[in-house]
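First comes the structure, then the notes that go with it.
The numbers here are math on the coordinates, done by the rules we state, and not lab data. Predicted model, so just to flag it, every value in this text is computed and none were measured. Because the Cβ atoms are built from the backbone with ideal geometry, glycine has one as well, and the counts that use them run over all protein chains shown.
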Amino acid sequence: MQLATYINDLLYRYECVIIPGFGAFLTQYQSAKIDPETHTFYPPGKTLSFNRQLQTNDGLLANYVASVENSSYEIALQQIRNFTGTLSLQLSEGETVTLLRIGEFFLNKEQSVQFVPAPSANFSTASFGLSSYVSRSINREVYKETVAALEEKAPLLFTPERRTALPYLKYAAIGLIAIALSGFVGMKLYEGNVQKHNFVEKQKANTLVENQIQEATFVLENPLPSLNITLPKRTGKYHIIAGAFRVEENAQTKVAQLIEKGYSPRLIGINRYGLHQVIYSSHENRLEALQTLHTIKRTENVDAWLLVQDMND
């Protein structure tokens, strides 16, 4: 299984990709920079880091693996567990594990996992195709010689014949400036008149509309009481899955049980395996969804997981 390739694909789309039970890759935007010693210009991009503390499964990697390999979610999750087990075994034996186009893992003297990102890794789609550029240094001695040569030729540009032509050019320039100023002043006066006309016409239109509104106004003697309806928020692409059932009646029973416990569950349709999915809730913010998932796994259902999917409510 090319898990490194799948992680690489997701890092271009998301700022956090969690490997369940091992850690998380995090990307952070970095602006363009210049190395003054090597005269190298580096394009903007996203730097990569690794956080060993984030290990809770959010379903992102497993769902992506399942969709690409056309397998079930459980099989994809087991493949990820096999991968992390092999990776941990190699590190414990003192090996350095390299993930292609991502970076290297190794253990330090304190037996802590260390990560070194690949030097050419740039996960910003806006910087795709941009590479570093080395600028050649300027030879200031050659520049000084060129300036000196131009200064020697400068007197030849101001011969007596050229000086006699300067007064005519001066008068012509003054005439062009006067014509331009008169045209500019005329344009400003025209714009001012147009604005005044538009303002008067707008006032007339507002007055006419107000009169028509006053004529059409009526009063109800017995108005109906207003109704305030509060609908539960069901938007968002992050859904906390409570279970998936082959029989729809079992899914409806699960919904009723969760309602009794104070949740706002619902059915979100049938997945590609023919199972009716029941969710605890939907969220627009990924961090909020992960926090809710952590609480549910700790207090309610250890098998709950996060589904990332856009859908119409």
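Peptides 74-85, 27-38, 100-111 ranked from most to least packed, by the mean per-residue count of other Cβ atoms within 10 Å: 74-85, 100-111, 27-38.
Between the beta carbons of Tyr29 and Asn206, assuming R0 = 41 Å, the FRET efficiency works out to 0.25 to the nearest 0.05. Of the chymotrypsin sites (Phe, Trp or Tyr not before Pro) found in region 260-313, those in coil by DSSP whose Cβ has at most 14 other Cβ atoms within 10 Å are Tyr273. Per-residue extension of 0.36 nm, minus the Cα-Cα distance of Arg246 and Leu100, leaves a gain of 48.6 nm for this segment.
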